[in-house]
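Comments concern the structure below.
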Amino acid sequence: DSGVTQTPKHLITATGQRVTLRCSPRSGDLSVYWYQQSLDQGLQFLIQYYNGEERAKGNILERFSAQQFPDLHSELNLSSLELGDSALYFCASSVLTGGATGELFFGEGSRLTVL
Amino acid sequence: GESVGLHLPTLSVQEGDNSIINCAYSNSASDYFIWYKQESGKGPQFIIDIRSNMDKRQGQRVTVLLNKTVKHLSLQIAATQPGDSAVYFCAERGGGNKLTFGTGTQLKVEL
């Protein structure tokens, strides 16, 4: 158990819909990262938050957005869903201060299926 | 741009043998590398890391080798066990404080 909690574990929805994925980092970790894992793309970095502020951005679509709340949990919002958004979405947290990226602790992931 | 690739998508080894998983990276400015293991249905799990000022680091049954001249990273697993069966990813930290992951190598341990 990495200490990172993600909900929901599974989610099935239809094209055009909007979903919210939630992540609670390990106790004390200030950085939260979101990754997308699909069969043909591997693990793709989406975005990083550090202590409530966006720190780094990857290949995140404009239809996707994220935020980190004062209690450090994070949410990833996916809107206008398309079939190609079906994937595993991982949240990870890091113990490093200053927002530097080092060893990441991953949650179990949220499997999104868009029909 | 940054890219991390793996030489072999699937590696099959006999139980008890040593495994070597290779990874090529393209960003010569990357300063930190990590190997992750992902078992079916689970999130990636940290195995070992190495900084760019090192060329070798050992852990429990695992060794990571870094060759910056040819931009090559490898993970060696000694006495491979059935529990080592998983997908292994290398990742590099390049510009922008981002970890870029390779596409993964499936390690299959045969009894």
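Translational diffusion coefficient of chain B (Stokes-Einstein, Kirkwood radius from Cα pairs, 20 °C, 1.002 mPa s): 154 µm²/s.
Counting Lys +1, Arg +1, Asp -1, Glu -1, what net charge surrounds B:P82 among other residues with beta carbon under 15 Å of its beta carbon? Within the 15 Å Cβ shell, the charges total -2. Determine, from the Cβ-Cβ distance of A:I60 and B:Q106 and an R0 of 35 Å, the FRET efficiency 1/(1 + (r/R0)^6), rounded to the nearest 0.05. The calculated FRET efficiency here is 0.80. Radius of gyration (Cα atoms) of the protein assembly as shown, expressed as a multiple of 2.2 N^0.38 Å: 1.01. Residue by residue along B:99-107, Cβ atoms of other protein chains within 10 Å of the local Cβ number 4 on average. The length gained on full extension between A:S27 and A:T15, counted as 0.36 nm times the residue separation minus their Cα-Cα distance, comes to 0.8 nm.
Among the residues of A:44-56, the average count of other protein chain beta-carbon atoms within 10 Å of the residue beta-carbon is 2.
Where in region B:20-64 does the label zone of A:R111 land, with the point 7 angstrom along Cα→C-beta and an amide N cut-off under 19 Å? Answer for this model: B:38-45.
Positive-end ranking of A:Q44, A:G107, A:I12 along the dipole of chain A, with charges on Cβ about the Cα centre, is headed by A:I12. Note on chain A: Cα-only Rg and Dmax are 13.2, 40 Å. Let me confirm the definition first: pairs of Lys residues in chain B, 8 or more apart or on different chains, C-alpha distance under 17 Å. How many are there? Count of close lysine pairs: 4.
Inter-part distance, region B:19-42 to region A:1-64, computed on C-alpha centroids, equals 20 Å. When only alpha carbons of region B:30-74 are considered, Rg and Dmax amount to 11.5, 36 Å.
None of the figures in this text is laboratory data; all of them are computed from the coordinates on show. Computed from a predicted structure; not experimentally measured. Positions of Cβ are generated from backbone atoms using ideal geometry, with glycine treated the same way; all protein chains shown enter the neighbour counts.
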